[in-house]
Amino acid sequence: MAETAEPQTDDSKHAARAERRAAKLAKQIGTFAKAHGGAEGHLAHLGEMGTRIVLVGEDGDWGDLVAPSYAVAESATQKAGITVHEDFDGEFAAKVRTGPYEWSRMAGIQVGGPSNDKA
């Protein structure tokens, strides 16, 4: 006689979806780490939008991913095996290498950044 599977509850469906999302994010984190000689991260709450996973490679390149919740972000970073910092400051922040894009898009009005004048 064939065994029948028990119907999934909404909670088990949600947990399975979260697990799949964490696994996908972990794979993306691993790909980033491999391309940049390793990586470290920081988790930042975005409110209802989820949690940002900020990644900083050993070469100074950086990027980010967004998880639907802090629990999924935490699970993804654990699966990927990266160090996660509580704060984005000090030695960790100093590892970030910025270039012209960051200066022109995010810090253009800072001292030393490109002028915002269009003349």
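The values are calculated or read from the model by the stated rules, or taken from the named source; none is laboratory data. This structure is a prediction, so every number in the text was calculated from the model and none was measured. Every residue, glycine among them, receives a Cβ derived from its backbone with ideal geometry; neighbour counts consider all protein chains shown. The area values use the complete protein model at the heavy-atom level, side chains included, leaving out ligands, DNA and RNA. Shrake-Rupley method; radii C 1.70, N 1.55, O 1.52, S 1.80 Å.
So, in segment 2-27, of the ones that are acidic (Asp, Glu) and not in a loop (DSSP other than H, G, I, E, B), which residue ends up modelled with the lowest pLDDT?
Only one residue tops the list, namely Asp10.
Sort out which residues of segment 87-96 are out of contact with any Phe, Trp or Tyr (no Cβ under 6 Å at 6 or more places or on another chain) and in contact (Cβ under 8 Å) with a residue 40 or more places away in the chain, and write them in order of number.
Scanning segment 87-96 gives Asp87, Phe88, Phe92, Lys95.
Among the residues of segment 51-80 satisfying the criterion of being assigned to a loop (DSSP other than H, G, I, E, B) and in contact (Cβ under 8 Å) with a residue 40 or more places away in the chain, which is least open to solvent (accessible area, probe 1.4 Å)?
Ser69
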